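Here is the structure we will look at.
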Amino acid sequence: LGLAWLGPALGGEEKDVEVVTEEEGEMLSDELGEEDGVLVLHEHNFARALSEHRLLLVEFYAPWCGHCQQLAPAYAEAAAVLRNESSPARLGKVDATAQTALANEFGITSYPTLKLFRDGNRTHPIDYTGHMDMKGIVRWMQRRAGPSATLLQDTDTASTFISSQDLVVIGFFKDLGGEAARAFYEVAMEMVDVPFGVAEATELFQAYGLSADTVCLFKKFDAGRTDFPVDPAQGLDVAELTQLLRAHSLELVMEFTSETSDQIFSAKIPHHMLLFLNKSSSAQLALRDGFRAAAGAFRGEVLFVVVDVDGYGANVLTFFGMTPADAPTLRLVKMKNNRKYRMEQDSFSDTAISTFIQAVLDGKVKPHLLSAVPPEDWDTRAVKVLVGQTFEQVAFDETKNVFVKFYAPWCSHCQAMAAAWEELGERYKDHEDIVIAELDATANEMENITITGFPTLSYFPAGPGRKMVEFKGSRDLETFSKFLENGGMLPEEPPAVS
């Protein structure tokens, strides 16, 4: 949660004949076995599965992968739901660590990876884009198994459809076979959390005051309805319409809760403006009026979010270097790099908020960088403890070669290599031109360096130019030493002799 705001071919036909081979002592054939209702697939039955199932979602997994283990029960439950609905969609799985030929064929580089195979097409599978839970998988497959939008034929069915959910989308098209309608169906297949309807009848155009092709978003909040007319010359752009619908599907001002957090972080809106307040204070609650008044002008570009520092929002305070006592306060976050901008609180008016946001968007405001207080003995330890305010002077010292571990205290990979890093520090503590250091990247930020994963190991060589080299070798003492002794490069290993 903190990081969210901190914040992968072969063609041709195969005959349906039995193939039997011995692999790791197990006889494999083209028979389609199951585990918990999920087809167990391998290179000898994969072609048969594609030929027998029009829609086949395949999970490529690794037995040791924690995310795969977490997904397994939801995946099996989704398979059961689809079977009970007599859906043509089936779920299968491939152990990508054992079935390396299939993993290579489909470019599997991470686990779990889900791909949809439609109508036996083996060369162009579709990447799964839904939520990794039972409901998400079922909805995603249902949209692809049947019509992605419900046909509305009269005003009664349209009215019932609109009132059935808090949020629905209806595409009004004079020609349901046209390019615009086809693009609309494509959007509907991706936005599985929202019901989509489609209308062609003249009486429906008249009933909703339309004279040309239009996509309408009906919602039981804010303005109640937002129209997106189809440009007669340009038609409908799938990506643009998807983004518009996602932006306008959210309330103008969201409250950050356990129910809304997924919506907030999946909205793909590039900036988030956050009002931190204590909801138990009526004076602070009143600040929402100016916040809401500023929101309309930035819709789609800036998402406005209220965070209760004494409620669910307390979970993200440490990421901003804040405590509940700092409320009320405002922050703007650029989602692409998690850069944070602090608004000075002379006024919480809509004018002041709008002026601040526009200044950030125009590049006129510097980011607010977090920094912990350096320990008193930070420079006397074998591994130097860096913070935001000391990083520049140490890492870019032109007389030193500096090797830095950027870590997170909760990261198990960081914890696993901690002993080796301490040993490295001890080994080089008497080298005047080599510095071994570490920085807690969850509590400290650098202006021109963004850390996206833990641990990140970076080498800053001596000399001018502010150079930075990322270490990508094995995380052990001897490999670290080889890297340092070779001037920030791992030496090439001699070729193996057969």
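Things to note:
- Elements of type helices (runs of 4 or more DSSP H) contained in segment 345-450, each with 2 or more residues being over 22 Å from residue 466 (Cβ atoms) and of a type in the set (Gly, Ala, Ser): 350-361, 412-428
- Whichever residue in segment 465-486 is over 14 Å from residue 428 (Cβ atoms) and touching a Pro at 6+ places or on another chain (Cβ under 8 Å) and, among such residues, is surrounded by the fewest Cβ atoms within 10 Å (Cβ to Cβ): 467
- Test: residue 446 is farther than 18 Å from residue 383 by Cα and touching a strand residue (DSSP E or B) at 6+ places or on another chain (Cβ under 6 Å): no
- Selection of first residues in segment 79-104 that are in the same structural domain as residue 138 (by the TED database) and of second residues that are among the acidic types (Asp, Glu) and open to solvent by less than 30 Å² (accessible area, probe 1.4 Å), restricted to Cβ pairs under 8 Å at least 6 apart or on distinct chains, gives the following pairs, ordered by first then second residue: 91/59; 92/59; 93/59; 94/59.
- Any hit, segment 407-418, residues being buried (at least 19 other Cβ atoms within 10 Å of the Cβ) and either more than 22 Å from residue 489 (Cα to Cα) or of a type in the set (S, T, N, Q) (or both): yes
- Search result, residues across segment 118-153 that are closer than 30 Å to residue 201 by Cα, open to solvent by 40 Å² or more (accessible area, probe 1.4 Å) and modelled with pLDDT of 90 or more: 139, 142, 150, 151, 153
- Residue check for residue 156: of a type outside the set (S, T, N, Q), open to solvent by 70 Å² or more (accessible area, probe 1.4 Å) and at pLDDT 95 or above: yes
- Residue among 303, 250 that is farther than 16 Å from residue 357 by Cα and either crowded, with 18+ Cβ neighbours inside 10 Å or of a type in the set (Ser, Thr, Tyr) (or both): 250
- Tally of residues being open to solvent by 20 Å² or more (accessible area, probe 1.4 Å) and assigned to a helix (DSSP H, G or I) across segment 33-64: 4
- Only listed residue being modelled with pLDDT of 95 or more, over 27 Å from the mean Cα position of the chain (by Cα) and charged (D, E, K, R), chosen from 384, 467: 384
- Scanning segment 99-115 for residues that are exposed (fewer than 15 other Cβ atoms within 10 Å of the Cβ) and assigned to a loop (DSSP other than H, G, I, E, B) yields a total of 3.
- Residues of segment 318-363 that turn out to be among the hydrophobic types (A, V, I, L, M, F, W, C), surrounded by fewer than 20 Cβ atoms within 10 Å (Cβ to Cβ) and within 19 Å of residue 452 (Cα to Cα), as a count: 1
- Close pairs (8 angstrom Cβ cut-off, 6 or more residues apart or separate chains): small (Gly, Ala, Ser) in segment 335-350, modelled with pLDDT of 85 or more and open to solvent by less than 40 Å² (accessible area, probe 1.4 Å) anywhere: 349/290
- Residue 490 passes every criterion in (1) under 15 Å from residue 396 (Cα atoms); (2) part of a loop (DSSP other than H, G, I, E, B) apart from (1).
The values are calculated or read from the model by the stated rules, or taken from the named source; none is laboratory data. Everything quoted here is computed from the prediction, not taken from an experiment. Neighbour counts are summed over all protein chains in view; Cβ atoms, including those assigned to glycine, are modelled from backbone coordinates with ideal geometry. To get the accessible areas, we keep the full protein, side chains included, count just its heavy atoms, and leave off ligands, DNA and RNA. Shrake-Rupley method; radii C 1.70, N 1.55, O 1.52, S 1.80 Å.
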